[in-house]
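Let me begin by presenting the structure, written as structure tokens, before commenting on it.
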Amino acid sequence: MAAPYGAPPPPPPAAAPVAVVSPQFCAPYVVPLTVTKKAISLSDGDFTVTDANGAVVLRVRGAVFSVRHRRVLLDAAGQPVLSMQEKVFSMHNRWEVFRGDSTNASDLLFTAKKSSIIQLKTELDVFLASNTAEQACDFKIKGSYFERSCAFYLGSSNTMIAQMNRKFTISNVLLGKDTFGVTVFPHVDYVFVAALVVILDEIHRERSD
């Protein structure tokens, strides 16, 4: 389908599909997602991820009485797709992400951590489970989470795989919801990107507590 007249050209796709969780979550087109975070939630930071039609694609469930911070990403049917937990005693706010509801090392998909302990701007490094040396990151997030404006890159390159911006609506302000739009580029795993958005929020919430 051709882009409408006057519309900006679509971003160049990544050279190869970025399928971190599963190829089934990679679409051959731009996937616009809306992430809504409830300001007050019993389960401590519930998120809802909806598609362009407003249908729920993913939800995030928090563990209320948990020794360490842990989140589970559920699909629309309520099945766990990923589980995320903060590594205890980690200086860089390291989060580990596992397949399903697992915490087994064999199910580790990727880890994410702050690039440096003291940061004025947001910068996160993401390492796939196979990258045990962690000499170079597989993905990087840069921007300002305070302004909800971040870009997701392939490694340390300028190849962008997704971007995030804040959405302001009157109803969300009145209802105490924080909403941001996430644009996932073609052939990029949208579940992977959604998980990174949740981790970004967790890391910055801790900093502001």
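Nothing in this text is a laboratory measurement; each read-out follows from the coordinates by a stated rule. The model shown is predicted, which means the values in this text are computed figures rather than measured ones. All Cβ positions, even for glycine, are placed from backbone atoms using ideal geometry, and neighbour counts span all protein chains on display.
Some values worked out for this structure:
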quantity: Net length gained if the chain between ALA19 and ARG166 were fully extended (0.36 nm per residue, minus Cα distance); calculated: 50.4 nm
quantity: Nearest-0.05 FRET efficiency for THR34 and LYS121, computed from C-beta distance (R0 30 Å); calculated: 0.80
quantity: Among the listed pairs LYS37/LYS140; LYS87/LYS114; LYS114/LYS140, those beyond 20 Å (Cα-Cα); calculated: LYS37/LYS140
